[in-house]
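Since the structure comes first, as structure tokens, the remarks are kept for the end.
The values are calculated or read from the model by the stated rules, or taken from the named source; none is laboratory data. The structure displayed is predicted, hence computed values, not measured ones. Positions of Cβ are generated from backbone atoms using ideal geometry, with glycine treated the same way; all protein chains shown enter the neighbour counts.
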Amino acid sequence: MDEELITDWFDAYADDIYRFLVYYTSTSDVEDLVQEVFIKAIDRYDSFKGDSSPKTWLFSIARNLAIDEARKQKRQDWRKLIKTYEHKIDISPEDKHLLTEKKLELHKAITKLKQDYRDVVILRGIEELSVTETANILKWSDSKVRVTFHRALKALKLQVKEVYYES
Amino acid sequence: MSHNEDELIKELKELKTNAQLDPEKKESMKMALQNHAKKKRSRSKAKHTFIWLSSTAAVLACGVILYTFINSDQITLPTGDNEQSEEIGNAGEDAKDPNDMEGLGVENPDDDDISGREEEETPEEDDPSGEGVNQQEFKVDRLGEETRTISIEGTEEETYVYNYRMEPYGIEYQVDTYYGRYAIEENTVRHHDKNDEFASIRLYVEENATIEELANEFDAQYNENFDNVGEIREPNDGENPYSGLTQNAGSQEYYLYQIDENVLVIEYEQSDPEAGDGSARLQTVIESIR
């Protein structure tokens with residue numbers, strides 16, 4: 001893989017990968033992971049057959065790294081995560097607080113979902129990737145993506161309730 | 001807190017942030033990635049070069065081995081071998097292996113051993129004799145070896161013979177491996193035993209001659225040099241298709257065969273009178289002329 005190609009990919013997808021890792025790990029300290037994703041892409045470029053887009057290939061690398069990272073690091077840094085939303089909020093401090101709390105609860109609920117549900121909720125629900133893109137990243141069929149997403153939403157509803165009552 | 005599915009999806013979408021990597025951090029990451037890609041590429045290039053070189057070396061080595069194998073396995077003796085080492089073949093210790101004279105043998109002239117017998121064939125000392133041997137015109141190729149059952153003094157024995165072809169005349173003949181070594185001397189090939197101590201057979205072609213003329217010359221020569229000169233007579237030569245004459249005198253003997261306008265001359269000389277079966281093995285030669 002030449003330097004030009006990896007530079008192009010980095011320019012095009014680094015921020016997407018960054019955000020994906022933020023959602024997945026529930027922390028904003030993921031710069032090193034982002035770099036690791038691209039290093040792995042360079043190392044494994046020979047196995048990239050071009051069947052999927054570079055973006056979905058990079059997302060699947062990022063997902064595997066995030067799963068490994070999540071195993072190592074059990075605690076999420078929610079305060080840092082909240083900061084990632086602050087810049088786009090232009091409302092009263094009270095509303096801002098409520099909104100932030102609501103997002104935080106949703107994040108906590110997502111982290112409590114089982115792996116498959118969490119994957120599909122982040123990719124389809126937050127990242128708004130298409131069914132096909134999600135299927136490519138997770139190596140599932142399109143129908144499995146649809147069905148699992150539907151089930152994941154149901155599970156998430158229950159989790160949100162639990163988190164709400166807990167808090 | 002209650003949600004329906006659409007609301008939940010909406011809330012999830014709102015979780016999407018516009019968070020971006022710090023531009024400075026991004027630049028440094030980009031540099032690091034470019035360096036990594038560069039290193040990876042040079043490592044990969046070195047690896048490919050190594051693989052290519054080792055593959056090429058392996059192919060070359062196989063080629064050389066194959067060439068050597070084919071070269072050493074070829075049936076005919078290259079002319080060059082005769083030039084460099086006049087004496088080539090050796091029938092081995094045939095003195096202890098008195099076989100008869102009817103075997104035809106095909107074997108690689110470089111082989112050392114022939115299973116089931118003790119004969120061996122080793123190149124003799126180089127003798128770059130400048131006796132005017134014209135290899136392009138005159139050469140002898142050993143074509144191989146085979147076994148034959150021959151009879152020596154009424155006893156049947158299995159022996160090995162080499163097949164030879166004399167060029168440019170295309171005359172083929174067999175020689176018992178007892179006379180396994182041979183040397184080209186000018187336009188003559190001389191077959192002899194391992195140590196050249198018992199007997200030898202010389203073959204050459206007299207061009208545009210007749211057996212009668214040559215027989216008269218030999219007769220004169222023999223009468224000059226020997227007391228007990230035999231009569232010129234027709235040889236007992238089995239299936240040899242050519243008309244011939246022979247004569248013996250003391251320890252020497254010759255055979256002349258008319259092959260078209262040329263005469264094949266075979267001279268036999270026995271150095272050691274004890275080597276009685278050497279003469280018997282000469283029979284193989286004269287019977288095998290084709």
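Looking only at the stretch A:44-58, which residues are at pLDDT below 90 and assigned to a helix (DSSP H, G or I)?
A:45, A:46, A:47
Does the stretch B:115-123 contain any residue that is small (Gly, Ala, Ser), at pLDDT below 50 and more than 16 Å from residue B:282 (Cα to Cα)?
Within the stretch B:115-123 (the criterion being small (Gly, Ala, Ser), at pLDDT below 50 and more than 16 Å from residue B:282 (Cα to Cα)), the answer is yes, since at least one residue qualifies.
For the stretch B:46-62, indicate whether the set of residues that are more than 10 Å from chain A (Cβ to nearest Cβ), surrounded by 13 or more Cβ atoms within 10 Å (Cβ to Cβ) and closer than 30 Å to residue B:143 by Cα is non-empty.
Checked against the condition, which is being more than 10 Å from chain A (Cβ to nearest Cβ), surrounded by 13 or more Cβ atoms within 10 Å (Cβ to Cβ) and closer than 30 Å to residue B:143 by Cα, the stretch B:46-62 yields no hits at all.
Could you list, in sequence order, the residues of the stretch B:1-45 that are of a type in the set (Gly, Ala, Ser), at the interface with chain A (Cβ under 7 Å from one of its Cβ atoms) and either touching a Lys or Arg at 6+ places or on another chain (Cβ under 6 Å) or assigned to a loop (DSSP other than H, G, I, E, B) (or both)?
The answer is B:19, and nothing else.
Out of all the residues in the stretch B:235-245, is one or more small (Gly, Ala, Ser), at pLDDT below 85, touching a Gly at 6+ places or on another chain (Cβ under 7 Å) and within 20 Å of residue B:162 (Cα to Cα)?
Checked against the condition, which is being small (Gly, Ala, Ser), at pLDDT below 85, touching a Gly at 6+ places or on another chain (Cβ under 7 Å) and within 20 Å of residue B:162 (Cα to Cα), the stretch B:235-245 yields no hits at all.
Give just the number: which of (1) in contact (Cβ under 8 Å) with a residue 40 or more places away in the chain; (2) at negative phi does residue B:195 not satisfy?
Exception for residue B:195: condition (1).
Say we look at the stretch A:1-29 and pick out the residues that are outside any helix (DSSP H, G or I) and at the interface with another protein chain (Cβ under 9 Å from one of its Cβ atoms); which of these is modelled with the lowest pLDDT?
The selected residue is A:1.
Please go through the stretch A:30-45 and pick out each residue that is over 19 Å from the mean Cα position of the chain (by Cα) and more than 10 Å from chain B (Cβ to nearest Cβ).
Selection gives A:44 alone.
Can you tell me which residues in the stretch A:130-151 are touching a residue at least 60 places away in the same chain (Cβ under 8 Å) and either in contact with a Pro (Cβ under 9 Å, 6 or more places away or on another chain) or not basic (Lys, Arg) (or both)?
Those that are touching a residue at least 60 places away in the same chain (Cβ under 8 Å) and either in contact with a Pro (Cβ under 9 Å, 6 or more places away or on another chain) or not basic (Lys, Arg) (or both): A:133, A:136, A:137, A:138.
Among the residues of the stretch B:157-192, what is the count of those that are more than 20 Å from residue B:259 (Cα to Cα), in contact (Cβ under 8 Å) with a residue 24 or more places away in the chain and assigned to a strand (DSSP E or B)?
13
Would you confirm whether or not the stretch A:63-76 contains a residue that is facing chain B (nearest Cβ under 10 Å) and of a type in the set (Val, Ile, Thr)?
No, every residue in the stretch A:63-76 fails to be facing chain B (nearest Cβ under 10 Å) and of a type in the set (Val, Ile, Thr).
Residue check: is residue A:137 in contact with a Leu (Cβ under 9 Å, 6 or more places away or on another chain), crowded, with 20+ Cβ neighbours inside 10 Å and at the interface with chain B (Cβ under 10 Å from one of its Cβ atoms)?
Spelling it out, it is not the case that residue A:137 is in contact with a Leu (Cβ under 9 Å, 6 or more places away or on another chain), crowded, with 20+ Cβ neighbours inside 10 Å and at the interface with chain B (Cβ under 10 Å from one of its Cβ atoms).
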